[in-house]
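The next block holds one structure in the form of structure tokens; read it before the comments.
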Amino acid sequence: MYNIEFIEEECIADVNSCKNSQDINAIRVKYLGKNGKLTTVLKSLKDIPPSERPEAGRYINDARIRIENKINTVESIIAMSEKEKRILEEQLDVTLSKKSNRQGGLNPISIIINDLIDIFLSLGFGVEDGPEIEFEYFNFSALNIPSDHPSRDSSDTFYISKNRLLRTQTSAVQVHVMKLQEPPIRIICPGKVYRPDDDATHSPMFHQIEGLLIDRNISLYDLKEILEAFAKAFFSPKTKIRFRPSYFPFTEPSVEVDLSCPKCGGNGCKLCKNTGWLELLGAGIVHPLVLEECNIDIRYSGLAFGIGVERAAMVKFGIHDMRLLFDNDIRILRQFR
Ligand code: PHE
């Protein structure tokens, strides 16, 4: 009747040979769409005698249900296999490149201080600490610095009150230590010091390492030996040092210690201004008046030195502008790790 069997067979053949969801959609349109083959037959029911209509209607409708079921079944099978295929194909790459794990590092000043502490520990020195806010007495008077000395002027010292200040030198710690400890004393004191200077080679805050050795029969010879050992360990084994006469109120004699230029080895270059030497630190034999003020037994004598940490860092790393060390420019600081 109306080729229903034929249409159904054709549809089943179509469905069996279809490959993907587009095919199955096309088949649904071809048979069940508005102008589909089966829809057309259903529409033509109105042309047959009314008495035959119910039976013909049922017949066609049964065929429609079978076709629909067939299409639906195959459609869901195809949908499932297509989904599986898609999942297999679109392998998700979950290996997002990781955020680079940038490590922080110590500021070159801290690196230098740690190196210097290691060197002096190996030379038998202990490490002491002292206050950054200091009494005038410890920073100046006890160190035999007269009340009219220019370094006491407010243009050279940050005063907090009449007799309190930000220490201008770690030498102040010498006084604390000598007043508290019995000789022999063998200490260094690393720390911050403050002076109102600010240019390429001066910063209002900088670091010093004070050295103090109190024992019997201490002479300039001991000073030279210790400082030479330090210079060789810190710069290079070939390094030489020399003493130049100098003056500090708290040492007598006082010396300025020069270092053979680490860049040219003493031959003369731009860094050492062709002299072969670089100024490194101040030192000397502790003044008897200072020992007396600190109640040190007269059987003892001592030596002291003050290393400028920034100065040492600049010489070692060939830095010309001290401000680079404090600017916190990560590109600069990273180079010293
Ligand atoms: N305190 C001196 C300065 O700041 C350095 C120094 C220390 C000199 C110890 C002699 C002895 O310049």
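Here are the numbers for this structure:
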| quantity | calculated |
| --- | --- |
| Residue that is surrounded by 17 or more Cβ atoms within 10 Å (Cβ to Cβ), in the same structural domain as GLU292 (by TED's automatic domain parsing), β-branched (Val, Ile, Thr) and in contact (Cβ under 8 Å) with a residue 60 or more places away in the chain, where the choices are ILE226, ILE241 | ILE226 |
| Single unsatisfied condition, LYS238 versus (1) outside any loop (DSSP other than H, G, I, E, B); (2) away from the ligand (no atom under 11 Å from the Cβ); (3) within 25 Å of ILE119 (Cα to Cα) | (1) |
| Residue in segment 78-91 that is within 60 Å of the chain's Cα centre (by Cα), crowded, with 16+ Cβ neighbours inside 10 Å and modelled with pLDDT of 90 or more present | yes |
| Selection status of GLU252, of a type in the set (D, E, K, R), surrounded by fewer than 17 Cβ atoms within 10 Å (Cβ to Cβ) and within 11 Å of the ligand (Cβ to nearest atom) | yes |
| Given (1) part of a helix (DSSP H, G or I); (2) assigned by TED's automatic domain parsing to the domain that holds VAL193; (3) small (Gly, Ala, Ser), index of the condition SER81 fails | (2) |
| First in segment 1-30 and in contact (Cβ under 8 Å) with a residue 24 or more places away in the chain, second anywhere and of a type outside the set (Gly, Ala, Ser) and part of a loop (DSSP other than H, G, I, E, B), Cβ under 8 Å, 6 or more apart | ILE24/CYS18; ILE27/CYS18 |
| Filter result (in a strand (DSSP E or B) and at pLDDT below 95) within segment 154-204 | ASP199, HIS202 |
| Of the criteria (1) out of contact with any Lys or Arg (no Cβ under 7 Å at 6 or more places or on another chain); (2) crowded, with 19+ Cβ neighbours inside 10 Å; (3) modelled with pLDDT of 95 or more, which one GLU292 fails | (2) |
| Subset of segment 171-219 [closer than 16 Å to ALA312 by Cβ, crowded, with 19+ Cβ neighbours inside 10 Å and of a type outside the set (S, T, N, Q)] | ILE188, CYS189, PRO190, GLY191, VAL193, PHE206, HIS207, ILE209, GLU210, GLY211 |
| Among (1) among the hydroxyl-bearing types (Ser, Thr, Tyr); (2) in contact with a Lys or Arg (Cβ under 9 Å, 6 or more places away or on another chain); (3) farther than 21 Å from LEU220 by Cβ, the one test that SER301 misses | (3) |
| Criterion (within 14 Å of the ligand (Cβ to nearest atom), modelled with pLDDT of 90 or more, within 23 Å of GLN208 (Cβ to Cβ) and of a type in the set (Ser, Thr, Tyr)) met by exactly one of SER246, SER260 | SER246 |
| Filter result (within 14 Å of the ligand (Cβ to nearest atom), of a type outside the set (Gly, Ala, Ser) and closer than 27 Å to ARG299 by Cβ) within segment 192-221 | GLU210, LEU212, LEU213, ILE214, ILE218, LEU220 |
| Residues being within 16 Å of LEU227 (Cα to Cα) and either in a loop (DSSP other than H, G, I, E, B) or touching a Gly at 6+ places or on another chain (Cβ under 8 Å) (or both) - total across segment 254-270 | 7 |
| Residues of segment 271-297 that turn out to be away from the ligand (no atom under 15 Å from the Cβ) and assigned to a strand (DSSP E or B), as a count | 2 |
| Residue within segment 298-317 that is in contact (Cβ under 8 Å) with a residue 12 or more places away in the chain, assigned to a loop (DSSP other than H, G, I, E, B) and more than 10 Å from the ligand (Cβ to nearest atom) present | yes |
| Looking only at segment 143-191, and only at residues there that are within 14 Å of the ligand (Cβ to nearest atom) and in contact with a Cys (Cβ under 7 Å, 6 or more places away or on another chain), the one that is nearest to ILE296 (Cα to Cα) | MET178 |
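The values are calculated or read from the model by the stated rules, or taken from the named source; none is laboratory data. Quick caveat: nothing in here was measured; it's all calculated off a predicted structure. Note: ideal-geometry Cβ built from the backbone for every residue, glycine included; neighbour counts use all protein chains shown.
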